[in-house]
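What follows is calculated from the coordinates using simple rules that are stated; it is not laboratory data. All values reported here derive from a predicted model rather than from experimental measurement. Using ideal geometry, Cβ is built from the backbone for each residue, glycine included, and neighbour counts are taken over all protein chains shown.
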Amino acid sequence: MLEHPEQHVRELTILKTIAETLNQSSDMVQMLQTTLEKLLALTQLETGWLFLAGDKPEYSMMADRHLPPALTWEGKKPMRCGDCLCLRMYWSGSLTEPVTIIECERLHNAIKENWGETHQLTHHATIPLTVQGNRIGILNVGSPGKEHFSESELALLQSVAYQIGTAVERARLYELREKQAVSSMARFIVDYYAKATRVTRYLWKINDLNRMYTAIVEQLCASFDWPSVALITAEKDDELYLHTLCHHGVTHSPMKPVRKSTRKSGKGEGIVHRAFAEQRVVAHEGPVRVLPGIGPHPHSAALPLTHQERTFQTKESIGVLFIGRDSVPFSELEMEILEMLAEHISLAIEKICIYYEWQELLLAEERNRLARDLHDSVNQKLFSLSLLAQGVRERTLIEDPNTAEAIHDIGQLAQETLAEMRSLIWQLRPFGEASGILSSLKDYAEKLGIQITFLMKELPELAKEVEEALYRIGQEALNNISRHAGTNRAWIRIAREGSNVFMKISDQGRGFVPGTIEKKQRSLGLTSMKERAEEINGTLSISSEEGMGTVLTVTVPLQARKEGTDE
């Protein structure tokens, strides 16, 4: 259960609003200025500026909001000339994650040189802007008197920076398309990007996942005049299924499995699975039968679709987009454009996932409110009615036995209704709240001073020994977070996935270098956790990156759960 649903709803609203703002314009300056203003308004921060930077000493301020007078004299000369600590960190490669800059160098110089009023602005957060692993600039935000940004604030700003970086790359490609429209190749790019832009703009208006899948294949078929476009989704155990197909203008949703090729020389048949497994765009030339219900096409391409999981900072595979055509091969340039198109489609799908999560959080919050209201009003009145009926029955038992018997029936009915009301209240609360392992881990985390958040819809049924093992592993993981991670926040997810039950425990603390994990076995209690996992026929893995937190995953086969249940 999420302990701060209002905060999480607010973060999801901010990300949704920023994504929509970035999609409203293709002009980079206007897009960045509008986005910065919207971000400051949503986060209740006052001041911000955004640099796009190349190699040292090249940089330019692309957007700003509410700069103090000390930084705006002579056409904002203090922001256009010279460098500062955040830019030097960017050029040296040391700025890899959001940080709080203490006593901003530009503001310090403004005070020292008496350039003007600083409005008591001294500190700011600096967030690197990246796209596909390449650094493109920095985002700075702050407010007078604010000297610290929490981990959750920095994590939210990093998610926004990721969206801005992707939008900047899109705008740059759009500008490149406009400038090079004099040649046939440029006209090809212009036409391709115009079609891709129309498709993505249409998709961003959709908030229903099934409608999105249908719109993807239909819009691509119609816009590019491709004979076949198919959306393949990853179901349980990463099995690939043909979810939606548009073939010569006719749309189907067959949900048929996409089987791997058994031919040693038939590389074309496996392009869908290769794109999914290797997470890269794969093209093939030559007629092959790739999907059920689609005849062979001379030219085909498969594009992986991914979803950025924000809390655990991992990319999850959504599926694959398949394109088949008969005219010309897919060029290298076209493949690069298709890769960018796939990223925009992935973002559109991710926006719907965020929207669904936001809706679920609102529903959970309303269910909790209703449960509290029922407990505080109706539940208490039923209890009082039961006590009153019992007292009246005692007083009338001797004088009027018939009346006493009727009052006794009223009391029994009140008791039964009270029991049903309590059951209803528990049903209204989020799934898993009353389960032993969750309440035990929550109590243990509170003793350690750790704020814990559960990310799940429903707790799977667990055998007693499995629940005990997961609890002990969770205890050790929380101990490690308390002692080593340098943070007081943790997230836990327990869910069923195919034939397995898994538990993930994540923090966004200091992390460590994976190569040193063997040296840390004793301090991390890794041996005992692995042994407990093996005792229930499970496996344990730990992934971490220095400065980016740690994720511990325990996977247990459902067979182990059933055997435990039988015992």
Check your understanding: Summing -39500 (n - 2.57) over the DSSP H runs of n ≥ 4 in the chain and dividing by its residue number, what mean residue ellipticity at 222 nm do you reach, to the nearest 500 deg cm²/dmol?
Key -> -16000 deg cm²/dmol
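Report the FRET efficiency, 1/(1 + (r/R0)^6), for SER499 and LYS256, where r is their Cβ-Cβ distance and R0 is 35 Å, rounded to 0.05.
Numbers: r = 21 Å, r/R0 = 0.60.
Given R0 = 35 Å and the Cβ-Cβ separation, E is 0.95.
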Review point. What full-extension length gain, to one decimal in nm, is calculated for GLN24 and ARG201 as 0.36 nm per residue of separation minus the Cα-Cα distance?
Key: 62.8 nm
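Subtracting the Cα-Cα distance from 0.36 nm times the residue separation, let me have the gained length for THR100 to GLU239 in nm, one decimal. Don't skip to the answer; put the middle values down first.
Numbers: separation 139, 0.36 × 139 = 50.04 nm, distance 4.37 nm.
Residue separation times 0.36 nm, minus the Cα-Cα distance, leaves 45.7 nm.
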Practice item. Would you mind checking which residues have amide H under 5 Å from TYR59's amide H? H placed 1.01 Å from N; only 5 or more apart, or other chain. Key: GLY54
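Go ahead and run the numbers for FRET between HIS108 and VAL392, Cβ-Cβ distance against an R0 of 56 Å, rounding to 0.05.
Values: r = 78 Å, r/R0 = 1.40.
The computed FRET efficiency comes out at 0.10.
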Point to revise | the range 5-174: Lys pairs at Cα distance under 28 angstrom, eight or more positions apart or on different chains | key: 13
Point to revise | Point-to-point label distance, MET61-GLU285, nm (Cα→Cβ direction, 7 Å offset) | key: 5.2 nm
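Relative to the present Cα-Cα distance, how much length would full extension add between MET548 and ARG510 at 0.36 nm per residue of separation?
Numbers: separation 38, 0.36 × 38 = 13.68 nm, distance 0.62 nm.
In short, 13.1 nm is gained.
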Exercise for review: Would you please give the residues with an amide H less than 5 Å from that of PHE454, counting only those at least 5 places away or on a separate chain, with H modeled from the backbone geometry?
Suggested key: LEU2, GLU3, ILE492
**Study point:** Cysteines not pairable in the chain (beta carbon separation under 4.7 Å absent)
**Key:** CYS81, CYS84, CYS86, CYS104, CYS353
Check your understanding: Could you give the nm distance between label points at TYR444 and SER92, where each point is 7 Å from its Cα heading toward the beta carbon?
Key -> 4.1 nm
Check your understanding: Just going by the charge dipole of the chain, with Lys and Arg at +1 and Asp and Glu at -1 on Cβ, which of SER159, VAL466, CYS84 is farthest out on the positive end?
Key -> CYS84
Practice item. Under a cut-off of 16 Å between alpha-carbon atoms, report the aspartates and glutamates in cross-link reach of LYS195, not counting same-chain residues fewer than 8 places apart. Key: GLU175, GLU178, GLU218, ASP225, GLU334, GLU336, GLU339, GLU343
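Count the net charge of all other residues whose Cβ sits under 15 Å from the Cβ of PRO401, scoring Lys and Arg as +1 and Asp and Glu as -1.
Numbers: positive: ARG393, ARG395; negative: GLU394, GLU399, ASP400, GLU405, ASP409.
So the surrounding residues net to -3.
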**Study point:** the range 81-169: GluC sites (Glu not before Pro) falling in loop per DSSP and having at most 13 other Cβ within 10 Å
**Key:** GLU103, GLU113, GLU117, GLU147
Review point. Quick one, which of [x] 57; [y] 35; [z] 50 is the actual percent of Cα pairs over 36 Å apart calculated for this model?
Key: [z]
